[in-house]
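Asker: For reference, the structure I am asking about is given below.
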Amino acid sequence: MISQFFILSSKGDPLIYKDFRGDSGGLDVAELFYRKLTGLSGDESPVVMYHDDRHFIHIRHSGLYLVATTSENVSPFSLLELLSRLATLLGDYCGSLSEGTISRNVALVYELLDEVLDYGYVQTTSTEMLRNFIQTEAVVSKPFSLFDLSSVGLFGAETQQSKVAPSSAASRPVLSSRSDQGSPLKVDVQGELRLKSFLPSGSEMRIGLTEEFCVGKSELRGYGPGIRVDEVSFHSSVNLDEFETHRILRLQPPQGELTVMRYQLSDDLPSPLPFRLFPSVQWDRGSGRLQVYLKLRCDLSPKSQAVNIRLHLPLPRGVVSLSQELSSPEQKAELGEGALHWDLPRIQGGSQLSGLFQMDVPSLPGPPSHGTSTSAPPLGLGPASLSFELPRHTCSGLQVRFLRLTFRPSGNTNPHKWVRHLSHSEAYIIRI
């Protein structure tokens, strides 16, 4: 029997955290483990460590730490065997075991853990048996390549999209996974500056980016707060002579679409995440009545708004009915494919919307330790995922400052009016 299971990156970043018994210190336990691990002398660390009545058992696989904790007198060999089997399962379902595949498949990993371990007790580690219960499909991404323009980052982002009749800038979605305490476990932004050109071939353009734009943590520019990214890469046709001094890109784009620049940012966002979800669950085991109250708050500025918001909440098997009370008439909710779909056309920054959903789940089993009514989420509920678009907003803070053309379109129109900034989600996961 184990108390917690978590996966850490080689730098100690928590990728997955699951508390089965509720007797831990939350994510502080993962931080404590990594501090003790890095504080040891020598290259080889012990696979079993002890601290404050708690045993830490871990294996290292593909640069990741898979860790189980327990306060019981459990055979360490059985837990090492369990961790090895979990590593094999995650590799089987995600295609490979690495930080990237785990980050792209957070929902799938948590679903596997819910099926393999029930309140810390092992149920099954058979891949064939689990295929009958796992519903989430693995997200597989091609390796990141600047020149493979069909390869789009599936984890993270924002999207600035500037559609210029001659040019366009784009950046992509925000991914986040929130812990039980509401703090983000993992946040990644993958952005693009995308161009769609209708200009005559050979026409030169200059694209000015935010002057405070810097790459890496050590570089600081300008007088305001820096707009920092971890990595950036450019198309081979981009002239970077003015980039270091003035943050200006020069190029002669061919007609059609072109990805001018790609950038990545992890964890350290300059602004809060756009949404917070406040869930409340009441479950009457006697009648099989499940009540879920969801309050969605938009943490954008009051001048901004989010559009085309959809919340997808997986439900326990056997839901037979749904009744709903929504805070505004524009919203709608429905059941489909074993999940609740809650659609909101738009939400203004600084505001919040809510919905009360009541469902009958007569066949739902419950944990024996709870009474007739409980606020503990039943098996199969969550995690929730959000899809949305944020017009005129970039989560990294990077903006196109100006767009200048050597070729003047008819009518002497300012070309900057064709620039669009857009953020959208591709994997915004919230644990219930």
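Asker: Of all the strands (runs of 3 or more DSSP E) wholly in the stretch 295-349, which have at least 1 residues that are under 30 Å from residue 270 (Cβ atoms) and among the small types (Gly, Ala, Ser)?
Answerer: Numbers: elements: 305-314, 321-326, 332-336, 339-348.
Output list reads 305-314.
Asker: For the stretch 329-338, which positions are open to solvent by less than 40 Å² (accessible area, probe 1.4 Å) and modelled with pLDDT under 90?
Answerer: Correct list: 336 only.
Asker: Report, by residue number, each residue of the stretch 187-213 that is touching a Pro at 6+ places or on another chain (Cβ under 9 Å), part of a strand (DSSP E or B) and over 27 Å from residue 106 (Cβ atoms).
Answerer: Within the stretch 187-213, 195, 196, 197, 205 meet the criteria.
Asker: Return the total of residues in the stretch 47-85 being without any contact (Cβ under 8 Å) to a residue 40 or more places away in the chain and of a type in the set (A, V, I, L, M, F, W, C). Explain how you work it out, then say what you get.
Answerer: Quick first cut of the stretch 47-85, residues without any contact (Cβ under 8 Å) to a residue 40 or more places away in the chain only: 47-53, 55-62, 73, 75-78, 80-81, 83-84.
If we keep only those that are of a type in the set (A, V, I, L, M, F, W, C) too, we end up with 47-49, 56-57, 59, 77, 80, 83.
So the count comes out to 9.
Asker: Give the stretch 238-292 a look and list any residue that's of a type in the set (Val, Ile, Thr) and farther than 17 Å from residue 400 by Cα, or say none.
Answerer: 281, 292
Asker: Something else: Any residue in the stretch 198-209 that is β-branched (Val, Ile, Thr), at pLDDT 85 or above and under 30 Å from residue 13 (Cα atoms)?
Answerer: No, the stretch 198-209 has no match at all.
Asker: Taking residue 113, is it at pLDDT below 85, surrounded by 14 or more Cβ atoms within 10 Å (Cβ to Cβ) and within 28 Å of the chain's Cα centre (by Cα)?
Answerer: Considered against the rule, which asks whether it is at pLDDT below 85, surrounded by 14 or more Cβ atoms within 10 Å (Cβ to Cβ) and within 28 Å of the chain's Cα centre (by Cα), residue 113 comes out as no.
Asker: Filter the strands (runs of 3 or more DSSP E) completely within the stretch 229-287 down to those with at least 2 residues that are open to solvent by less than 70 Å² (accessible area, probe 1.4 Å), in contact (Cβ under 8 Å) with a residue 24 or more places away in the chain and among the hydroxyl-bearing types (Ser, Thr, Tyr).
Answerer: Ranges flagged: 256-266.
Asker: Moving on to the next point. Do we have any residue at all in the stretch 353-370 that's in a strand (DSSP E or B), among the β-branched types (Val, Ile, Thr) and either at pLDDT 90 or above or surrounded by 15 or more Cβ atoms within 10 Å (Cβ to Cβ) (or both)?
Answerer: No, the stretch 353-370 has no match at all.
Asker: Here is a further query. Going residue by residue through the stretch 83-92, is there one that turns out to be farther than 15 Å from residue 61 by Cβ, charged (D, E, K, R) and under 26 Å from the mean Cα position of the chain (by Cα)?
Answerer: Within the stretch 83-92, none of the residues are farther than 15 Å from residue 61 by Cβ, charged (D, E, K, R) and under 26 Å from the mean Cα position of the chain (by Cα).
The values are calculated or read from the model by the stated rules, or taken from the named source; none is laboratory data. None of these values were measured; they are calculated from a predicted model. FYI the Cβ positions are ideal-geometry reconstructions off the backbone, even for glycines, and counts take in every protein chain you see. These accessible areas exclude ligands, DNA and RNA; they are computed on the full protein's heavy atoms, side chains included. Shrake-Rupley method; radii C 1.70, N 1.55, O 1.52, S 1.80 Å.
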